[in-house]
Amino acid sequence: MTTGAPTPTYPARPRRSRLRTFLPLGVAAWLVLEIWLLSVVAGATSGFVVFLLLVAGFVLGAAVIKKAGRRAFRNLNEALQRGGTPQSGGGNGLMMLGGLLLMIPGLISDALGLLLLIPPVQKAVSRFTERTVDRKLREAVPGGFGDAFQQARIHRPDGKIVQGEVVRDERSGDAPQEPRPPLTR
């Protein structure tokens, strides 16, 4: 069954976002930089010192994550006992991110993790994140998750999607329902 709409002669490729273009390059550059910095430090001191730095970063990161997790769980329990919901994360998420960065082997990630453990930096990053999320939410078009999924399917490049609508007959709850046919592709 067709809708009468002409089939496109060439599939329109959706434009690739900047994030999808540059994120793999950024990760590769970060990894190369981490390895280079570790080799420079190992050349200046010794491989054992680098090993101790990596182990210390892992242990410190695990301790930070454990502390932040316990604090978040305690805040949640206190809020639930009061009968409310927790108002703010209190920096627990950023502390956990800092601990995770400390656990990742590398000196740059350790430096970023240690920066995220400083309270003024946490507040600045939290404010920046809130402003960015608020701006993105204001720019977003209204609609639910189903609308977003439907729009993604409509704009597929192969052009084989036919728009349709499912209409369900609402029956009373005590009437037996017929078995449904299996879903096929």
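Summary table
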{"read-out": "Net +/- balance of residues flanking Leu97 in space, Cβ distance below 15 Å, scoring K and R +1, D and E -1", "value": "+3"}
{"read-out": "Residues Arg16 and Val121, FRET efficiency given R0 of 41 Å [Cβ-Cβ distance, rounded to 0.05]", "value": "0.80"}
{"read-out": "HN-Hα J in Hz across segment 21-26 - Karplus 6.51, -1.76, 1.60, θ = phi - 60°, x for Gly and Pro", "value": "7, 9, 4, x, 5, x"}
{"read-out": "Pairwise FRET efficiency - Val40 versus Leu137, Cβ, R0 = 45 Å, nearest 0.05", "value": "0.55"}
{"read-out": "Phe128 paired with Phe48, simple spin-label distance in nm, labels 7 Å along Cα-to-beta-carbon", "value": "4.0"}
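Read-outs throughout are calculated quantities, based only on the coordinates presented, and are distinct from any laboratory measurement. Since we're looking at a predicted model, the values are computed, not measured. Positions of Cβ are backbone-derived with ideal geometry, glycine not excepted, and every protein chain shown enters the neighbour counts.
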